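Here the structure comes first, spelled out in structure tokens, and everything after it is commentary.
The values are calculated or read from the model by the stated rules, or taken from the named source; none is laboratory data. Note that this is a predicted model, so its numbers are computed, not measured. Cβ placement follows ideal geometry from the backbone for every residue including glycine, while neighbour counts extend to all protein chains displayed.
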Amino acid sequence: MNAIRSLFIAVLFSTAIVSVSAKAVEKPNPKELTAEQLNNFFNAIADKIRGDYVEDVTNRELLEGALSGMISALDPHSTYLDEEKFNEIRNQAEGKFGGLGIEIIVENDGIKVISPIEDTPAQKAGIKPGDVIVAIEGEPISSMSGFDALKKLRGDPGTFVNITVFRENQSPFDLKITREFIKVNPVKFRTEDNVGYIRITTFNDQTTTKVIHAVRSIKKEAGSKLLGYVLDLRNNPGGLLDQAVSVTGLFIGRDKPVVSIKGKGKKQFAEFKSNSSDMTGGLPIVVLVNSGSASASEIVAGALQDYKRAVVVGTKSFGKGSVQRISPLKNIGALKLTIALYYTPKGRSIQKEGIEPDIKVEQQLDLKTINSSKRLREAYLKDALKNGEKSEDAKQGQSVLGSADEEDDDIKNVSQKSNFKDLPDYQLQQALNILRAISLGFSNQ
């Protein structure tokens, strides 16, 4: 009886606390608040916290907490950056850290891998698109902030970090990774049986220059026997918008729309046209994409597909079609805010949809096919923005795709070591076969 009575008193006491709190700060009834109502409500909540919270809270802490919650609730790529986070991003852009070499999205339940960067410890260790890092040094990601999780992954080159990885249809497994300075070579190339193969791993400030060098070298080596080009954008997480535009121009020619940005109310913020001459002489092109192809790489693939300049081969891309702008705030960090969606030349947004290849080719490993349709994509992210409304061209059935991130810092860098054995690249072999088949028809014209 005493136990029941104690429980009854506890329930009454708990209910009384909730009741008093609800009376003290009532949320205004209207679904849409005026600016004055919003300001009053925020001040009332702040007063309540300062007066009743168990520990002292400064106004700055209240402001930063409110900004963080308010901005991060909008979509996966908008966020508030306090001064420490803002400085971290600037250091990242300057390469002042050791990491693992993965492009990621941070969510509450883990760090989700968009793609590993080629020739980094993560890629050599076998980290794959869609993997989820669920713990660092045995501590669950869910128990720390996203920023703290990233700090734990980064560190001095040569030091180790232990991570726990979840992969679909597998038990979680541990990896011990050695951090390195992440210096990315954005372009690799070779000539294979008179086909020029160009692999773009990211769009940094050297990408266009490196692609120009690749095309010139391939033309010099293959000469008149050159059949065409395979442009490999698989697991390319994006990068700089201007580089995506100028690289596209190398294949479609000068002064052609590559991508447009449209913000609230369909206001046309900008249209970006190619500023490079076609270096390929109109030879056939096959573009390879997969679920790790995001942002700037989707802009390139989408534009080439829209102009029917290339055949897109592989599996559906990631589908990140939004652009973020970082706006510094005086003395309290910066806002990273999604301000617009990208649209391809024919007016379609690939936000959440991704680029559908013209010819679908799954990657095969040991006679088993990986189902890329189940890998991580923008559409699976919490609060992902909806696909933008289609333009009149798109409504008439014309094809679209494409997008990227102006600075791609929302897809963050980190690093690791390896025991991943080399396997035949089935998608690449099929792309080469398709290119050769197209070149036969091209040569007979």
Residues in segment 256-271: is at least one closer than 24 Å to residue 227 by Cα and either assigned by TED's automatic domain parsing to the domain that holds residue 435 or basic (Lys, Arg) (or both)?
no
Among the residues of segment 192-214, what is the count of those that are out of contact with any strand residue (DSSP E or B) (no Cβ under 7 Å at 6 or more places or on another chain) and either over 30 Å from residue 133 (Cα atoms) or of a type outside the set (Asp, Glu) (or both)?
9
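Table: residues versus (1) surrounded by fewer than 15 Cβ atoms within 10 Å (Cβ to Cβ); (2) part of a strand (DSSP E or B); (3) at pLDDT below 90.
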{"site": "337", "(1), (2), (3)": "no, yes, no"}
{"site": "340", "(1), (2), (3)": "no, yes, yes"}
{"site": "352", "(1), (2), (3)": "no, no, yes"}
{"site": "357", "(1), (2), (3)": "no, no, no"}
{"site": "376", "(1), (2), (3)": "no, no, yes"}
Just checking, which of 212, 252 is surrounded by 22 or more Cβ atoms within 10 Å (Cβ to Cβ), modelled with pLDDT of 95 or more and not hydroxyl-bearing (Ser, Thr, Tyr)?
252
Pick from segment 32-71, criterion charged (D, E, K, R) and within 24 Å of residue 147 (Cβ to Cβ), ranking: surrounded by the fewest Cβ atoms within 10 Å (Cβ to Cβ)
55
For residue 226: the one exception among (1) crowded, with 22+ Cβ neighbours inside 10 Å; (2) over 26 Å from the mean Cα position of the chain (by Cα):
(1)
Identify the single condition in (1) over 22 Å from the mean Cα position of the chain (by Cα); (2) hydrophobic (A, V, I, L, M, F, W, C); (3) surrounded by 23 or more Cβ atoms within 10 Å (Cβ to Cβ) that residue 288 does not satisfy, given that it satisfies every other one.
(1)
Can you tell me which residue within segment 255-276, out of those that are out of contact with any Ser or Thr (no Cβ under 7 Å at 6 or more places or on another chain) and not in a strand (DSSP E or B), is surrounded by the most Cβ atoms within 10 Å (Cβ to Cβ)?
263
With the first residue restricted to segment 99-111 and required to be not assigned by TED's automatic domain parsing to the domain that holds residue 68, and the second required to be of a type in the set (Ser, Thr, Tyr) and in a strand (DSSP E or B), Cβ contacts under 8 Å at 6 or more apart or on different chains are 99/415; 100/415; 101/415; 102/115; 102/415; 103/115
Residues 157, 172: which one is under 30 Å from residue 362 (Cα atoms), out of contact with any helix residue (DSSP H, G or I) (no Cβ under 6 Å at 6 or more places or on another chain) and outside the structural domain of residue 297 (by TED's automatic domain parsing)?
172
Single residue of 171, 217 found to be loosely packed, with under 12 Cβ neighbours inside 10 Å and on the phi < 0 side of the Ramachandran plot:
171
Among the residues of segment 184-227, count how many are part of a loop (DSSP other than H, G, I, E, B) and farther than 21 Å from residue 238 by Cβ.
4
